[in-house]
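Quick notes on the structure that follows.
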Amino acid sequence: MAKCSICGRDAVAYIRYQRRYLCREHYIEFVENKVRRSIKRYKLLSKGSKVLVSVSGGKDSAALLMALSRLSKEYQLKLYALHINLGIGEYSEKSLRASTEAAKMLRIPLIILNVKDLIGYTIPELARRLRRPVCSVCGLVKRYLINAVAVELGADAVALGHNADDLAVYSMKSFITQDLEYLDKLGPKTENIQGIAVGRIRPLYEVYEKESFLYAFLLGVPFIHDECPHVNHESLEQILKVKLNEVEEKKPGMKIMMLRNMAKRIRDLPRREYRVQSCRYCGLLSSTEVCSFCRMTARIHGEPLGPIVRSRVRELVKESESRQLSSAAG
Ligand code: SF4
Ligand code: ZN
Ligand code: ZN
């Protein structure tokens with residue numbers, strides 16, 4: 001059996017781009033050091049930050065929750081987790097169970113939102129009614145709800161579990177389609193806009209998919225192995241994923257190099273000229289007078305649901321905070 005290049009114990013992983021073997025302890029340290037380095041290099045967090053971690057139930061958000069929980073003392077973080085139940089059959093049920101177990105294991109307060117309770121339809125039902133692709137509706141709803149919770153919570157940042165493989169694919173797709181303004185949003189962080197939008201951070205920016213899987217697995221944090229049934233294996237993203245993996249195989253470390261260079265150039269990219277404003281119905285970030293969530297819900301309900309959703313989110317956040325206070329007092 002291969003031995004750890006640092007301490008000589010049995011190795012659990014070989015890091016190709018560093019040409020070294022690592023044992024369990026040194027592997028965990030290796031991943032956490034990557035997260036630490038990204039926090040420092042990209043100024044993701046400051047000491048004492050209140051962070052809302054978005055958890056889907058998959059390996060990346062499990063790894064993210066675990067890593068931030070283990071680093072929380074060092075950075076004095078106040079962590080909250082958010083899980084959104086999308087109503088995608090058994091996949092959503094399993095995701096909810098895994099997210100609940102992970103948050104419980106790490107003693108991180110979990111806020112759960114159910115799309116059907118909030119909007120009256122599950123994500124697939126909404127997509128059917130709107131005649132739009134499921135993933136585009138899902139993305140819109142998730143972005144809106146995550147931001148709504150983060151604003152109500154007064155969070156300093158929303159942590160997302162995107163790994164280096166995902167980000168390399170999205171960036172390449174933006175390059176191919178020349179949607180260069182979107183590249184700006186794929187960097188390690190986006191900024192806060194006072195009262196209407198909380199900035200997003202990506203602590204796994206330089207962590208590969210395989211690395212986050214092994215990290216979560218070795219630390220025993222629950223996650224599901226299932227993939228959402230709506231993933232389209234014929235999509236450009238999936239094709240790029242396979243192709244970029246082939247390049248990475250021949251040039252280990254290529255994706256990280258690409259992402260680091262991109263992060264340096266992000267400020268130079270063209271920006272879409274739009275006025276940052278707050279939606280006239282719900283008050284959250286919008287590029288036009290009415291935000292896309294309010295527009296979308298008005299189309300199916302006859303009225304924008306943003307204000308109702310925000311007040312429900314406010315109640316849930318308050319409940320979660322008072323549970324926190326009473327458990328701290330007890
Ligand atoms: Fe949502 Fe599509 Fe992702 Fe499934 S694959 S979780 S529907 S964005
Ligand atoms: Zn070792
Ligand atoms: Zn709105």
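Out of the residues in the stretch 4-30 that are among the aliphatic types (A, V, I, L, M) and not in a loop (DSSP other than H, G, I, E, B), state the one that is farthest from ligand 3 (Cβ to nearest atom).
Leu22
Among the residues of the stretch 1-50, how many are at negative phi and either open to solvent by less than 80 Å² (accessible area, probe 1.4 Å) or among the small types (Gly, Ala, Ser) (or both)?
32
How many residues does the stretch 143-165 hold that are open to solvent by 20 Å² or more (accessible area, probe 1.4 Å), small (Gly, Ala, Ser) and within 14 Å of ligand 1 (Cβ to nearest atom)?
0
Within the stretch 76-92, restricting attention to residues that are open to solvent by less than 20 Å² (accessible area, probe 1.4 Å) and not hydrophobic (A, V, I, L, M, F, W, C), which residue is farthest from Pro203 (Cα to Cα)?
Ser92
Can you say whether Ala63 is within 14 Å of Tyr215 (Cβ to Cβ), in contact with a Ser or Thr (Cβ under 8 Å, 6 or more places away or on another chain) and not in a strand (DSSP E or B), as far as the supplied structure shows?
Answer is yes for this residue.
Identify the single condition in (1) closer than 26 Å to Lys47 by Cβ; (2) within 16 Å of ligand 3 (Cβ to nearest atom); (3) free of Cβ contacts under 8 Å to residues at least 40 places away in the same chain that Ala197 does not satisfy, given that it satisfies every other one.
(3)
Collect the residues in the stretch 113-142 that are within 17 Å of the chain's Cα centre (by Cα) and surrounded by fewer than 16 Cβ atoms within 10 Å (Cβ to Cβ), keeping them in residue-number order.
Result: Ser136, Gly139.
Output the qualifying pairs, or none if there are none: Cβ atoms under 6 angstrom, residues six or more apart or on different chains, first residue in the stretch 200-225 and more than 30 Å from Gly154 (Cβ to Cβ), second residue hydroxyl-bearing (Ser, Thr, Tyr) and open to solvent by less than 30 Å² (accessible area, probe 1.4 Å).
Once the first residue is more than 30 Å from Gly154 (Cβ to Cβ) and sits in the stretch 200-225, its partners that are hydroxyl-bearing (Ser, Thr, Tyr) and open to solvent by less than 30 Å² (accessible area, probe 1.4 Å) give Ile224/Ser95.
Taking Gly302 and the conditions (1) touching a residue at least 12 places away in the same chain (Cβ under 8 Å); (2) of a type outside the set (S, T, N, Q); (3) surrounded by fewer than 16 Cβ atoms within 10 Å (Cβ to Cβ), which numbered condition does it fall short on, given that it satisfies the others?
Checking Gly302 against (1) touching a residue at least 12 places away in the same chain (Cβ under 8 Å); (2) of a type outside the set (S, T, N, Q); (3) surrounded by fewer than 16 Cβ atoms within 10 Å (Cβ to Cβ), the one that fails is (1).
Tell me, yes or no, whether the stretch 10-17 has at least one residue that is in contact with a Cys (Cβ under 8 Å, 6 or more places away or on another chain), in contact (Cβ under 8 Å) with a residue 24 or more places away in the chain and closer than 22 Å to Glu248 by Cα.
Yes: the stretch 10-17 contains one or more residues that are in contact with a Cys (Cβ under 8 Å, 6 or more places away or on another chain), in contact (Cβ under 8 Å) with a residue 24 or more places away in the chain and closer than 22 Å to Glu248 by Cα.
The values are calculated or read from the model by the stated rules, or taken from the named source; none is laboratory data. Bear in mind that the values here come from a model prediction, so they are computed numbers and not experimental data. FYI the Cβ positions are ideal-geometry reconstructions off the backbone, even for glycines, and counts take in every protein chain you see. All accessible areas refer to the heavy atoms of the entire protein, side chains included, with ligands and DNA or RNA removed. Shrake-Rupley method; radii C 1.70, N 1.55, O 1.52, S 1.80 Å.
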